Amino acid sequence: MKFDKPKSIGILVGIVISIFLIGQQLGTLRFLTVLMTGLIVNSNTTEQDIWVIDEVTQNVNALNKIDARIVQELRSIEGVATSYSLVIANTSVTFPGGKTTGVNLVGSDGPVFIAGPHSAKIIEGSLSDLHQDNAIAAEFFNAKDLGVALHRGQAFEINKKAAVVKVLTKNAQGFGGNFMFTSLKNARFYGGLSPDQVSVAVVKIKPGADKQSVINQINQTFYGVKAWDVAELKKSTVSEILVTSNMGVSFGSLIIFATISGFFIIGLTLYSSALDRLVDYGTLKAIGATNGYVTRLILTQALLFAFSGYAMAVLLLFLFKSGVANAGLIINLDLQLNLLLLAITLFMSVGGSLFAVFKIKRLEPASIF
């Protein structure tokens, strides 16, 4: 059955706008949740490692200092292969011709450089360059905040002490602040940190050791600290930030509003079209068409609108992804997100078509002739 062109356009526009907005919000939220765990994501740790931090903190972005001796003492725990120190210093950096801004200086010892940057995110230089006394790894996408075009060999100041960019990273970003990486010695020097304290003790377990058992032993042995499974620490961090900042409510309300709006726009448009074509539907039922046949006809139209609108919305999302990537906003449109968006599209389109289905099912052919 032919569908009105203006109403067809209205349905498609409703689907495209709703799905684009939902995809944009979900993609941005996922990017922000990665930034929230940036200290872990940008490090050279693995999912099998254990992070030992102060016992009060549940957010990896708000760490308190712990006794540095714990790093060595952790190696006495059964199942522990080795342990590393990680320090974070809140510093101020100034570039010639740029501006002064705050930076989280993250330090750890080589050659592993457990704190990062992750080797896959280095675009210029290498981890070994960070062994030098004044060597710093800077982030490509932080150039705008710093007011300069970053390059290797660039001299600048950290807390009024001379430093040099030896390594450039890309996508090694943090939440609510910029990251720079260096050696443990440099981080303490620039940040004025005591050698008696660290921010995190990273534990690597022996092959075959039970991670949860090691975590339990650490928590029972040491006072004032807590051992975390990396995945659990990520979840805790994201959960705390989303709740305390109301970010989850903000993104969630926008997504729900877009879904409900699309549902009713599509549903009422299909319902209006059904009212305009009551004679046609009544004729079909008068010549023997069953309610099941008419229902399939309406649902088929709804599915065609759904897949067409979904395809256009996803195309716009990929264009959006390409446009914001140069600014450091990395939107991951993976299969999981695409399937979720398709499910929402089908809910809005097929679900909305039920308004028309219920109307036509109750239609008696004699009432329109």
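The values are calculated or read from the model by the stated rules, or taken from the named source; none is laboratory data. Bear in mind the structure is a predicted one, so any value in this text is a computation, not a measurement. A quick note on method: Cβ atoms are made from the backbone with ideal geometry, for glycine too, and the neighbour counts reach across all protein chains shown. For the accessible areas, the whole protein counts, side chains as well, though only heavy atoms, and no ligand, DNA or RNA atoms are used. Shrake-Rupley method; radii C 1.70, N 1.55, O 1.52, S 1.80 Å.
Summary table below
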quantity	calculated
Counted residues, segment 172-181 - those being more than 12 Å from SER43 (Cα to Cα) and part of a loop (DSSP other than H, G, I, E, B)	3
Verdict on PHE263 being over 22 Å from MET36 (Cβ atoms), assigned to a helix (DSSP H, G or I), at pLDDT 85 or above and out of contact with any His (no Cβ under 6 Å at 6 or more places or on another chain)	no
Exclusive hit being closer than 20 Å to ASN90 by Cβ, part of a helix (DSSP H, G or I) and either free of Cβ contacts under 8 Å to residues at least 40 places away in the same chain or open to solvent by 70 Å² or more (accessible area, probe 1.4 Å) (or both), set LYS144, LYS185	LYS185
Residue that is nearest to SER353 (Cα to Cα) [pool: residues in segment 250-267 that are of a type in the set (A, V, I, L, M), out of contact with any Ser or Thr (no Cβ under 8 Å at 6 or more places or on another chain) and in contact (Cβ under 8 Å) with a residue 12 or more places away in the chain]	ILE255
Test result for PRO96, more than 19 Å from VAL230 (Cα to Cα) and at pLDDT below 90	yes
Any chance THR244 is modelled with pLDDT of 80 or more and β-branched (Val, Ile, Thr)	yes
Count - residues of segment 18-69 that are over 22 Å from LEU193 (Cα atoms) and aromatic (Phe, Trp, Tyr)	2
Which listed residue, of SER239, SER213, SER194, is open to solvent by 20 Å² or more (accessible area, probe 1.4 Å), in a loop (DSSP other than H, G, I, E, B) and out of contact with any strand residue (DSSP E or B) (no Cβ under 6 Å at 6 or more places or on another chain)	SER194
Any hit, segment 159-167, residues being open to solvent by 50 Å² or more (accessible area, probe 1.4 Å), closer than 30 Å to ASP67 by Cβ, part of a loop (DSSP other than H, G, I, E, B) and among the basic types (Lys, Arg)	yes
Selection count, segment 74-99, where residues are in a strand (DSSP E or B) and either open to solvent by 50 Å² or more (accessible area, probe 1.4 Å) or within 18 Å of ALA187 (Cβ to Cβ) (or both)	13
Residue count, segment 29-46 (criterion: among the β-branched types (Val, Ile, Thr), in a helix (DSSP H, G or I) and either open to solvent by less than 30 Å² (accessible area, probe 1.4 Å) or at pLDDT below 90 (or both))	3
Residue, least open to solvent (accessible area, probe 1.4 Å), within segment 100-128, restricted to residues that are hydroxyl-bearing (Ser, Thr, Tyr) and either closer than 15 Å to ILE88 by Cβ or not in a loop (DSSP other than H, G, I, E, B) (or both)	SER108
